[in-house]
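Asker: Here it is, the structure, as structure tokens.
The values are calculated or read from the model by the stated rules, or taken from the named source; none is laboratory data. Just so it is clear, the structure is predicted and the values come from calculations on it, not from any experiment. Positions of Cβ are backbone-derived with ideal geometry, glycine not excepted, and every protein chain shown enters the neighbour counts.
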Amino acid sequence: MRTIDWVDGAVELVDQTRLPDECVMVRITTVDRLIDAIRRLAVRGAPALGVAGALGVVLAGGDRDAIARLRAARPTAVNLAWGVDQAAAWLPKGREAVLETALRIRDEDIAACLAMGERGADLLTEGRPGGGLRIMTVCNAGGLAAVERGTALGVAQTLLERGRLAEVLALETRPLLQGARLTAWELARMGAPHRLVADGAGPYLLARGGVDAVLVGADRIAANGDTANKIGTYALALGAARAGVPFVVVAPETTIDFATPTGDGIEIEDRGAEEIVTVRGMRLAPEGTDAVNPAFDVTPHDLITAIVTDKRVIRP
């Protein structure tokens, strides 16, 4: 299954807001509908957003205003702007050239995820003879965050295929529960042993031992290796450092933003109070309660053991 694709003149994508209850493909023919899908997280994850951005330029044609709005739909994930820019550069050559570029980005993402899975699995099993590894992760960095397979969860899938995965411990990932709703759904589909973990329990379980590595994705990697990812990642990195557990970021080369020197320059999106005070339409907090809701945090590079991309392993 592909999370996002170009089918008969339109963008088709999995509406991730409806998982795990139902898996629904949405057909999108306008830029405004694609922007809405991005903002409400029907499509999400850095690699998938890169593909969405490129395909959105095809829908936009030569409408520069629409392209600019698409590019700015989510500010933290660098791949969205990158995908838009890559496709928009071919506008002078015509729509077919833009579409060809967008489809190339889609195909390169599929190949990149395969490469990251192999490279990440090699890294984690090097010097470890036999036996399965217990992996901890946060948010969703699987096929739903890319076109196929995914980044961090793609490494787990490769480990499973090699017979080297014992279990995945997936943090629920408040406030929108991408771990509980999406990662658990993907792990069940691939037949991987897994259990859910409350976000606050992750560092404690690391301290108790029994976790071989933490695998996470990334929405933007600064030039010095500081990494923005879903909120809760920083706490997990601190817990892993204290426990001596390898903390590995898995993301394509396109997620590295050399124009941003450090994590201090990464814009962190605040998604407003509603996602905190309610869960899927059910109110948790009293009426009138306000909230702070950063969608991402930044993990300093000195807490990161390795960054695995489709081309190399970087040790910050």
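Asker: In a loop (DSSP other than H, G, I, E, B), surrounded by 22 or more Cβ atoms within 10 Å (Cβ to Cβ) and not assigned by TED's automatic domain parsing to the domain that holds residue 297: is that true of residue 11 in this structure?
Answerer: It is false that residue 11 is in a loop (DSSP other than H, G, I, E, B), surrounded by 22 or more Cβ atoms within 10 Å (Cβ to Cβ) and not assigned by TED's automatic domain parsing to the domain that holds residue 297.
Asker: Just one of the numbered conditions (1) buried (at least 17 other Cβ atoms within 10 Å of the Cβ); (2) closer than 30 Å to residue 6 by Cα is not true of residue 123; which one?
Answerer: (2)
Asker: Can I ask one more? Tell me which residues, restricted to segment 1-44, are among the charged types (D, E, K, R) and under 19 Å from residue 66 (Cβ atoms).
Answerer: The answer is 27, 32, 33, 36, 39, 40.
Asker: From the set of residues in segment 285-296 that are free of Cβ contacts under 8 Å to residues at least 40 places away in the same chain and under 27 Å from the mean Cα position of the chain (by Cα), which is farthest from residue 233 (Cα to Cα)?
Answerer: Top of the filtered list is 291.
Asker: Out of the residues in segment 267-316 meeting the condition of being small (Gly, Ala, Ser) and in a loop (DSSP other than H, G, I, E, B), tell me which one is nearest to residue 220 (Cα to Cα).
Answerer: 295
Asker: Could you tell me whether segment 118-135 includes any residue that is β-branched (Val, Ile, Thr) and closer than 20 Å to residue 193 by Cα? I'd like the intermediate steps shown before the answer.
Answerer: Residues of segment 118-135 β-branched (Val, Ile, Thr): 125, 135.
Remaining after also requiring closer than 20 Å to residue 193 by Cα: 125, 135.
Taking every residue of segment 118-135 in turn, at least one turns out to be β-branched (Val, Ile, Thr) and closer than 20 Å to residue 193 by Cα.
Asker: Quick check on this structure: which one of 150, 120 is farther than 23 Å from residue 209 by Cα and modelled with pLDDT of 95 or more?
Answerer: 150
Asker: I've got another one for you. Given the conditions (1) among the β-branched types (Val, Ile, Thr); (2) under 19 Å from residue 3 (Cβ atoms); (3) part of a helix (DSSP H, G or I), report the number of the one that residue 43 does not fulfil.
Answerer: (3)
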